[in-house]
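J.: Before anything else, here's the structure in question.
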Amino acid sequence: MKFNVPDMTCGHCVATITRAVKAVDPAAEVKADLAGKTVTVETAVPAEAVARALDRAGYPNSAM
(Lines give C-alpha, C1' and ligand atoms only; values in the text may rest on other atoms or scores of the structure.)
Protein backbone atom coordinates (compact mmCIF):
# COMPACT_ATOMS: atom_id res chain seq x y z
CA MET A 1 0.00 0.00 0.00
CA LYS A 2 1.19 3.51 -0.72
CA PHE A 3 0.35 6.78 1.01
CA ASN A 4 0.91 10.40 0.09
CA VAL A 5 2.26 12.18 3.20
CA PRO A 6 2.70 15.88 2.31
CA ASP A 7 4.03 16.91 5.75
CA MET A 8 6.97 14.45 5.65
CA THR A 9 10.06 16.64 5.24
CA CYS A 10 13.05 15.06 7.01
CA GLY A 11 14.65 11.97 8.49
CA HIS A 12 12.95 12.60 11.83
CA CYS A 13 9.58 12.47 10.05
CA VAL A 14 10.55 9.15 8.45
CA ALA A 15 11.58 7.71 11.83
CA THR A 16 8.31 8.83 13.45
CA ILE A 17 6.25 7.39 10.59
CA THR A 18 8.17 4.12 10.71
CA ARG A 19 7.60 3.82 14.47
CA ALA A 20 3.88 4.54 14.02
CA VAL A 21 3.49 1.81 11.39
CA LYS A 22 5.57 -0.68 13.39
CA ALA A 23 3.34 -0.05 16.43
CA VAL A 24 0.44 -1.42 14.37
CA ASP A 25 2.47 -4.24 12.75
CA PRO A 26 6.02 -4.91 14.02
CA ALA A 27 6.72 -7.04 10.93
CA ALA A 28 5.74 -4.29 8.45
CA GLU A 29 8.24 -3.07 5.87
CA VAL A 30 8.24 0.71 5.54
CA LYS A 31 9.90 2.61 2.70
CA ALA A 32 9.78 6.39 2.62
CA ASP A 33 10.49 8.64 -0.36
CA LEU A 34 11.15 12.11 1.04
CA ALA A 35 11.39 13.76 -2.39
CA GLY A 36 8.10 12.24 -3.51
CA LYS A 37 6.53 12.59 -0.06
CA THR A 38 5.27 9.01 -0.23
CA VAL A 39 5.40 6.05 2.13
CA THR A 40 5.11 2.47 0.91
CA VAL A 41 4.11 -0.13 3.49
CA GLU A 42 4.11 -3.90 3.12
CA THR A 43 1.86 -5.35 5.81
CA ALA A 44 -1.08 -7.67 6.38
CA VAL A 45 -2.84 -4.94 8.39
CA PRO A 46 -5.67 -3.11 6.59
CA ALA A 47 -4.75 0.19 4.91
CA GLU A 48 -7.26 2.04 7.10
CA ALA A 49 -5.38 0.98 10.25
CA VAL A 50 -2.07 2.18 8.82
CA ALA A 51 -3.63 5.49 7.73
CA ARG A 52 -5.05 6.02 11.24
CA ALA A 53 -1.64 5.30 12.78
CA LEU A 54 -0.05 7.91 10.52
CA ASP A 55 -2.78 10.43 11.41
CA ARG A 56 -2.27 9.80 15.14
CA ALA A 57 1.49 10.34 14.69
CA GLY A 58 0.72 13.79 13.24
CA TYR A 59 1.06 12.96 9.54
CA PRO A 60 -2.16 13.45 7.60
CA ASN A 61 -2.12 11.20 4.55
CA SER A 62 -4.08 9.91 1.62
CA ALA A 63 -3.95 6.48 0.00
CA MET A 64 -2.53 6.34 -3.49
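The values are calculated or read from the model by the stated rules, or taken from the named source; none is laboratory data. What you see is a predicted model, and the numbers here were worked out from it, not measured in a lab. Methodologically, a virtual Cβ is constructed for each residue, glycine included, from the backbone with ideal geometry; neighbour enumeration extends over all protein chains shown. Surface accessibility is based on the protein's heavy atoms, side chains included, excluding ligands, DNA and RNA. Shrake-Rupley method; radii C 1.70, N 1.55, O 1.52, S 1.80 Å.
J.: Mind checking the dipole of the stretch 1-50: about its Cα centre, +1 per Lys or Arg Cβ, -1 per Asp or Glu Cβ, Debye to the nearest 20? Could you put the intermediate results ahead of the total?
T.: Values: 5 positive and 6 negative charges, 23 e Å.
The calculated dipole for the stretch 1-50 is roughly 120 debye.
J.: While we're here: For the chain, what does -39500 (n - 2.57) per DSSP helix run (n ≥ 4), summed and divided by total residues, give at 222 nm, in deg cm²/dmol to the nearest 500?
T.: Values: 2 runs with 24 residues, N = 64.
For the chain, the value works out to -11500 deg cm²/dmol.
J.: Write down the accessible area per residue of the chain in Å², having rolled a 1.4 Å probe over the full set of protein chains. Show your work: numbers first, answer last.
T.: Working: 3560 Å² over 64 residues.
Counting only protein heavy atoms, the per-residue value for the chain is 56 Å².
J.: Along the positive direction of the dipole of the chain (beta-carbon charges: Lys, Arg +1; Asp, Glu -1; about the Cα centre), which of A49, V24, T9 reaches farthest?
T.: Selected residue: T9.
J.: If you don't mind, there's one more thing I want to ask. To the nearest 10 degrees, how steeply does helix 47-56 sit against the main Cα axis of the chain, on a 0 to 90 scale?
T.: Helix 47-56 and the main axis of the chain meet at about 50 degrees.
J.: Does anyone have the angle between helix 11-24 and the longest principal axis of the chain? Alpha-carbon axes, 0 to 90°, nearest 10?
T.: Result, in degrees: 10.
J.: In addition: Return a whole-number percent for the relative contact order of the chain, with Cα pairs under 8 Å and 6 or more residues apart as the contact set.
T.: Values: 95 pairs, mean separation 31.3, N = 64.
Across the chain, relative contact order equals 49 percent.
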